[in-house]
Amino acid sequence: MNWVGLQMLRNDRAKFAAMIVAVSMAVFLMQNQAAILATMLSMTAAQIREVEDADLWVTEPDVECFDQVKAMRDIQLMRVRGVPGIAWAAPLLKIDAIGRSEGGRLNTVTVLGIDDVSLAGLPRRMRVGRADAIRELDTAIIDPGGHQLFFPGEPFRPGRSLRIRDRRIRIVGISDVAAPFTGLPMLHTSRSTAAALNLGEQHMTSFILARSAPGTPPEQVCQRIQALGGLRARTTEQFAADAMWFYGSQGVPMLFMVTITIGLIVGAAITGQTFLMFIKENARPLSMLKVVGTTDRQLGIMILLQGTVVLALGSCFGSGIAAAVCNLVRTQPFLRSLYLPWQIALGTCLALASVTGVALYASFRHVRGLEPASVFR
Amino acid sequence: MSATDSTAVRCTGIRKHFGEDEARVEVLRGVDYTVRRGELSFLVGPSGCGKTTLISVIAGLLATDAGQVHLFGRDLAGMPNDERILFRRTHLGFVFQQYNLLQALTAAENAAIPLLAAGVRRREAVDRATALLERLGLSGKTGSFPRQLSGGQQQRVALARALVHEPRLIICDEPTAALDHATGEAVMELLASAAVHPDRAVIVVTHDNRVFHFADVIAQMDDGRIVGVDPRRRSGPVPETVSPTPPSPLSA
Ligand SMILES: Nc1ncnc2c1ncn2[C@@H]1O[C@H](COP(=O)(O)OP(=O)(O)OP(=O)(O)O)[C@@H](O)[C@H]1O
Ligand SMILES: [Mg+2]
């Protein structure tokens with residue numbers, strides 16, 4: 001009987017196709033929007049998470065995210081280093097400055113000054129060159145988006161330079177760090193280089209990166225640091241979560257949720273409506289099946305199977321399109337961090353399936369209510 | 001009732017109404033109707049007299065207000081729903097005026113539906129249906145879809161669907177009404193030769209007095225009652241095709 005149900009579905013090409021298109025489009029729209037939202041949120045935390053050598057971040061008390069920079073006094077670094085359970089602590093300097101390429105392109109850049117001694121916070125992944133080349137004064141590595149912005153169309157190759165605050169900064173490598181939420185080029189330099197760029201300002205430390213000693217839980221170390229007073233200490237994941245929450249609570253996710261919800265409702269409505277129509281138009285054949293002894297249970301399974309086929313095919317197409325679009329977009333250096341987590345892919349499909357399930361149930365009720373004797377009329 | 005009882009269908013005092021209050025119509029007003037095994041019984045009467053309602057009741061598709069229906073000694077009304085469906089699936093075959101073939105399936109697949117519903121594997125079901133269609137003169141058409149078949153051919157597919165599972169009672173509602181005379185005659189002839197079997201009863205509801213000569217019995221219905229039963233010797237080309245032993249309804 002299931003086979004008969006599939007034949008009926010296949011035979012009604014117009015509705016079958018319409019339902020698959022509706023599911024595909026809805027799944028694509030939802031996955032695309034959810035992926036952008038997830039990517040945006042993860043971008044706000046990426047610079048924190050990418051510092052894998054440290055497991056805790058110490059900041060001024062009111063700092064909520066990586067983009068809020070508050071100068072820290074050098075004494076704070078000493079205090080942190082004195083806390084029991086700290087393996088090491090290193091400063092990280094973050095400044096924004098205007099960069100200008102030889103070709104005359106101007107853009108604000110984010111400069112991260114990495115502790116010269118420990119190199120804590122040095123990018124782990126490089127596209128071109130070695131990260132530790134920044135030990136040399138007035139050198140930097142740049143992220144792919146920054147490279148494209150300043151040197152459009154040029155291959156990723158070291159050797160170009162940027163003028164920042166009257167110093168010539170030589171690019172010695174292209175990093176592969178995640179794209180930042182700000183969209184600004186990311187330059188990693190030594191802290192000495194960054195400090196030279198920041199001349200005349202007292203600001204030498206923006207964050208303190210630290211690692212807990214083996215055997216001491218980082219949360220416990222954080223408590224000890226906070227007990228010193230005047231400091232905020234968080235594990236990497238806590239700080240990343242705070243950053244995402246900080247941006248996430250600003251209302252932008254609402255806009256995405258609206259689009260996702262519309263996708264869900266429109267997709268489920270069109271699919272469900274079309275399915276119900278398909279079932280209603282087949283009332284006569286279905287009644288005939290009841291007359292010849294098909295049970296409601298058999299018909300229910302048949303409907304479930306028909307719905308599953310529609311949803312599965314549409315979900316596959318939709319997810320495929322979403323993945324293809326995502327991969328296409330990712331080739332743009334500034335959008336390189338766009339990703340489509342499988343949880344989102346699966347979640348959107350399941351969400352659509354459960355809402356469409358209402359229509360499947362309504363279709364089943366319709367079939368159950370069919371008067372078999374009506375076939376004689 | 002004993003298994004040797006020759007009664008296939010026994011209706012006693014069947015009452016059935018539709019609608020309520022002003023809209024209430026008493027459609028069956030105490031129907032007594034009997035069909036014996038091996039019998040081709042015609043149910044005739046004016047439009048609206050309740051013929052279709054009666055066969056729906058006999059098939060267990062409609063509940064009655066009063067009275068009893070026994071099929072081969074079994075009381076359908078007394079059965080649990082699932083058992084009634086199973087009984088219908090196993091022992092009853094149907095032919096409708098509108099054929100009611102599935103457009104998505106070929107002739108053979110349509111004819112195989114009762115077997116598929118009973119859980120017979122598709123291959124086997126379609127093979128059995130194909131063999132039956134060939135015997136009903138549709139050799140070249142078993143793979144055709146309903147839209148590619150004439151009315152008479154479609155009704156023959158429907159006839160195969162009614163016979164394929166070798167039921168003990170076949171119920172036909174106006175099987176020739178949508179066909180021209182010659183085609184109707186041919187379908188009825190096929191029905192009479194293929195369906196009639198000593199262990200099986202066939203009920204045919206019809207208006208078509210041109211095919212009355214096929215009947216063993218003509219039950220005349222009017223205004224919700226059987227008003228006359230006319231036993232007659234069938235004049236159509238029949239008995240020699242009827243085999244006394246069951247398995248296939250077609251083995252001749
Ligand atoms: N489901 C229903 N609801 C209400 N009234 C019904 C229903 N089914 C049948 N009737 C009424 O019952 C009466 C008998 O209908 P039925 O279909 O049994 O007649 P029939 O003898 O088969 O007629 P015909 O020869 O035209 O097919 C008619 O008046 C019809 O309107
Ligand atoms: Mg009728």
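In the set A:ARG330, A:ARG365, only one residue is closer than 30 Å to A:ALA45 by Cβ, basic (Lys, Arg) and surrounded by fewer than 20 Cβ atoms within 10 Å (Cβ to Cβ); that residue is A:ARG330.
Condition first: outside any helix (DSSP H, G or I) and closer than 22 Å to A:MET78 by Cα. Can you find one or more residues in region A:243-253 that meet it? Looking for residues that are outside any helix (DSSP H, G or I) and closer than 22 Å to A:MET78 by Cα, one finds none in region A:243-253, hence no. Test of understanding: among B:VAL187, B:VAL202, B:VAL211, which residue is closer than 22 Å to B:GLN154 by Cα, away from chain A (no Cβ under 14 Å), within 16 Å of ligand 1 (Cβ to nearest atom) and outside any loop (DSSP other than H, G, I, E, B)? Residue meeting the stated conditions: B:VAL211.
For the residues B:ARG37, B:ARG15, the requirement of being out of contact with any helix residue (DSSP H, G or I) (no Cβ under 7 Å at 6 or more places or on another chain) and within 16 Å of ligand 1 (Cβ to nearest atom) singles out B:ARG15.
Scanning region A:43-78 for residues that are surrounded by 18 or more Cβ atoms within 10 Å (Cβ to Cβ) and assigned to a helix (DSSP H, G or I) gives A:MET43, A:THR44, A:ALA45, A:ALA46, A:GLN47, A:ILE48, A:GLN76, A:LEU77.
Within region A:259-274, at least one residue is closer than 30 Å to B:TYR99 by Cβ and either part of a helix (DSSP H, G or I) or out of contact with any Cys (no Cβ under 8 Å at 6 or more places or on another chain) (or both). When we screen B:VAL9, B:VAL57, B:VAL25, B:VAL35 for residues that are within 16 Å of ligand 2 (Cβ to nearest atom) and touching a residue at least 12 places away in the same chain (Cβ under 8 Å), the only hit is B:VAL57. Residues of region A:138-177 being within 13 Å of A:GLN332 (Cα to Cα) and either crowded, with 20+ Cβ neighbours inside 10 Å or in the same structural domain as A:ARG330 (by TED's automatic domain parsing) (or both), which ones? Scanning region A:138-177 gives A:ASP143, A:PRO144, A:GLY145, A:GLY146, A:HIS147, A:LEU149.
B:LEU105 fulfils the conditions (1) assigned to a loop (DSSP other than H, G, I, E, B); (2) more than 13 Å from chain A (Cβ to nearest Cβ) except for a single criterion, (2).
Of the set (1) within 14 Å of chain A (Cβ to nearest Cβ); (2) within 16 Å of ligand 2 (Cβ to nearest atom); (3) crowded, with 20+ Cβ neighbours inside 10 Å, all apply to B:GLY48 but (3). Within region B:67-102, restricting attention to residues that are in a loop (DSSP other than H, G, I, E, B) and within 17 Å of the chain's Cα centre (by Cα), the residue that is nearest to B:ILE170 (Cα to Cα) is B:PHE96.
The values are calculated or read from the model by the stated rules, or taken from the named source; none is laboratory data. These numbers come from a predicted model, not from an experiment. FYI the Cβ positions are ideal-geometry reconstructions off the backbone, even for glycines, and counts take in every protein chain you see.
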